[in-house]
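Single-structure report; data block below.
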Amino acid sequence: MTDFYIAFDNEDEVLGAYFVKCMEDLKAFLENSGLSLKVVFINSRLSTSAYLETVLTDRQERFFFIVYSHGNRVSLKGRHGQFIEVNLNTSLFVNSFFYCTACLCAHSLGSKIIEDGGLTFIGYSTEVYSLKEEYEEISMKCDNSGLQAYLSEDITAQQALDKMKNYYTFQINRIYCTKDILRAGLLTNARESLILKGNGNLRFSEMNYDAAPIA
């Protein structure tokens with residue numbers, strides 16, 4: 001059994017619908033995966049530091065925490081304010097595999113989560129932009145590709161990140177073929193800003209409740 005917490009800012013005025021689509025894409029993947037999982041969905045109204053304290057305080061087991069929201073170097077922000085922040089509640093993510101698609105989250109926030117006991121953090125180090133209209137699904141698939149590869153193959157976190165970058169490259173090359181330099185450039189920037197912090201050798205099999213202790 002493995003626990004997943006999926007936070008998504010569905011009420012964001014600009015990207016709320018996109019965050020929901022990312023969450024629904026991951027949800028469908030998990031439902032069809034055949035994995036033994038417990039999934040908790042955290043929408044905009046639940047995306048508060050107080051709620052996270054109620055569900056994460058004193059956790060001992062390893063778990064995944066996935067976020068679709070806005071962010072900056074030191075915090076993640078939902079419709080109702082900052083809900084994860086350096087020097088506020090990063091200690092809640094001890095034993096977590098933290099996967100985040102927010103802008104700039106891999107800077108101080110990602111480092112602090114690992115410093116406070118997180119296992120692995122994957123996120124973006126710069127501002128990134130989702131593609132619009134008929135290209136929106138490409139952004140969604142790129143955002144989720146690393147995590148889905150990690151969960152479906154016997155690979156390490158670093159190998160999952162490499163596969164994520166390779167998937168970005170595949171989509172970038174497809175878009176370049178249409179002469180759409182702007183959109184290809186936005187995806188290239190996102191690919192280059194992807195960072196892994198913490199344990200790059202961690203495998204999904206080590207995230208189960210009954211897995212052996214992580215050295």
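The values are calculated or read from the model by the stated rules, or taken from the named source; none is laboratory data. Note that the coordinates shown come from a computational prediction; the quantities given were computed from them, not determined experimentally. Here Cβ is always computed from backbone atoms with ideal geometry, including for glycine, and neighbour counts include all displayed protein chains.
Among the residues of the range 128-136, is there at least one that is under 18 Å from G198 (Cα atoms), buried (at least 17 other Cβ atoms within 10 Å of the Cβ) and touching a residue at least 40 places away in the same chain (Cβ under 8 Å)? Within the range 128-136 (the criterion being under 18 Å from G198 (Cα atoms), buried (at least 17 other Cβ atoms within 10 Å of the Cβ) and touching a residue at least 40 places away in the same chain (Cβ under 8 Å)), the answer is no, since none of the residues qualifies. For the range 116-169, a residue qualifies if it is within 20 Å of R73 (Cβ to Cβ), of a type in the set (F, W, Y) and within 13 Å of the chain's Cα centre (by Cα), and the qualifying residues are F121, Y124. For Y167, the requirement of being farther than 17 Å from V128 by Cα and of a type in the set (F, W, Y) is not met.
Quickly run through the range 91-127 and pick out the residues that are more than 14 Å from G198 (Cα to Cα) and among the polar types (S, T, N, Q). Passing the criteria: S91, T101, S125, T126.
The set of residues from the range 155-185 being more than 17 Å from C100 (Cα to Cα), assigned to a helix (DSSP H, G or I) and of a type in the set (D, E, K, R) comprises R174, R183.
Counting the residues of the range 186-199 that are over 15 Å from the mean Cα position of the chain (by Cα) and either buried (at least 20 other Cβ atoms within 10 Å of the Cβ) or assigned to a loop (DSSP other than H, G, I, E, B) (or both) gives 2.
Among the residues examined, S36 qualifies as over 18 Å from the mean Cα position of the chain (by Cα) and closer than 24 Å to M207 by Cα.
Here K77 fits the description: over 27 Å from Y209 (Cβ atoms), more than 13 Å from the chain's Cα centre (by Cα) and at pLDDT 95 or above.
For the range 206-215, the count of residues that are of a type in the set (V, I, T) and assigned to a helix (DSSP H, G or I) is zero.
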